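Enquirer: Let me begin by handing over the structure; questions about it come next.
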């Protein structure tokens with residue numbers, strides 16, 4: 001079975017632009033979470049979606065938004081990009097909420113110039 | 001607010017040694033704790049998941065223990081190999097009780113491990 005997939009793998013944007021990152025969970029997984037990992041730090045929780053509903057939100061500004069589609073894939077949108085948004089964005093999926101192991105994708109590396 | 005600390009921040013040992021990585025967390029009301037491995041520029045690979053009711057989990061040369069009351073977990077790596085070189089991350093998920101929902105995982109900054117051939 002394919003693991004969690006993310007696209008694109010790398011992205012370069014300029015300040016003020018908007019970006020959309022995509023994630024496909026492992027087949028059968030209904031929960032998708034998004035994390036931001038700045039260089040040298042551990043990942044920070046942004047959102048969790050389960051059965052297409054937002055179930056949790058981390059401490060990120062409203063410029064960050066996400067959604068989950070009927071096939072359980074997900075998009076993360078970031079508006080009005082700042083230099084500090086440069087990071088590795090990781091998507092994780094799990095079968096259900098909370099209890100199960102989270103499986104991470106390879107990430108999308110975003111560079112904001 | 002849950003805080004996760006990992007000690008040491010970096011570790012370099014010769015091949016073949018047994019080693020211990022430490023993780024501590026401030027809020028003991030956790031649902032589970034997970035250890036991950038991250039290779040440079042890559043995503044995270046799950047190594048072990050310990051539920052709050054468990055004391056330890058083992059997978060091959062890896063053993064993770066959990067002491068919820070003291071807010072500590074250790075990852076023991078036996079007979080280390082150069083292929084074990086990576087950053088090891090500890091993450092906890094809070095127990096939210098009847099409120100349900102999710103807070104996601106709270107991660108430490110990781111231990112950067114180098115195994116010298």
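Enquirer: With in a strand (DSSP E or B) and touching a helix residue (DSSP H, G or I) at 6+ places or on another chain (Cβ under 9 Å) as the only criterion, which of A:6, A:36 stands out?
Expert: A:36
Enquirer: Next up: For segment B:48-59, enumerate the residues that are facing chain A (nearest Cβ under 10 Å) and under 19 Å from residue B:86 (Cα atoms).
Expert: B:48, B:49
Enquirer: Tell me the strands (runs of 3 or more DSSP E) entirely within segment A:74-113 that contain at least 2 residues that are in contact with a strand residue (DSSP E or B) (Cβ under 8 Å, 6 or more places away or on another chain), away from every other protein chain (no Cβ under 11 Å) and closer than 22 Å to residue A:18 by Cα.
Expert: By residue number, A:74-78, A:108-112.
Enquirer: Then there is this: Need the failing condition index for residue A:17 against (1) under 17 Å from residue A:77 (Cβ atoms); (2) within 14 Å of chain B (Cβ to nearest Cβ); (3) in a loop (DSSP other than H, G, I, E, B), just the number.
Expert: (2)
Enquirer: Test each condition in (1) touching a helix residue (DSSP H, G or I) at 6+ places or on another chain (Cβ under 8 Å); (2) loosely packed, with under 13 Cβ neighbours inside 10 Å; (3) at pLDDT 95 or above for residue B:82 and report the one that comes out false.
Expert: The one condition residue B:82 does not meet is (1).
This table checks each residue for (1) closer than 26 Å to residue B:39 by Cα; (2) surrounded by fewer than 16 Cβ atoms within 10 Å (Cβ to Cβ).
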residue: A:42; (1), (2): yes, no
residue: A:50; (1), (2): no, no
residue: A:55; (1), (2): no, no
residue: A:58; (1), (2): yes, no
residue: A:68; (1), (2): no, no
residue: A:79; (1), (2): no, yes
residue: A:88; (1), (2): yes, no
residue: A:94; (1), (2): yes, no
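The values are calculated or read from the model by the stated rules, or taken from the named source; none is laboratory data. Since we're looking at a predicted model, the values are computed, not measured. Quick reminder, even Gly has a Cβ in these numbers, built from the backbone with ideal geometry, and neighbours come from all protein chains shown.
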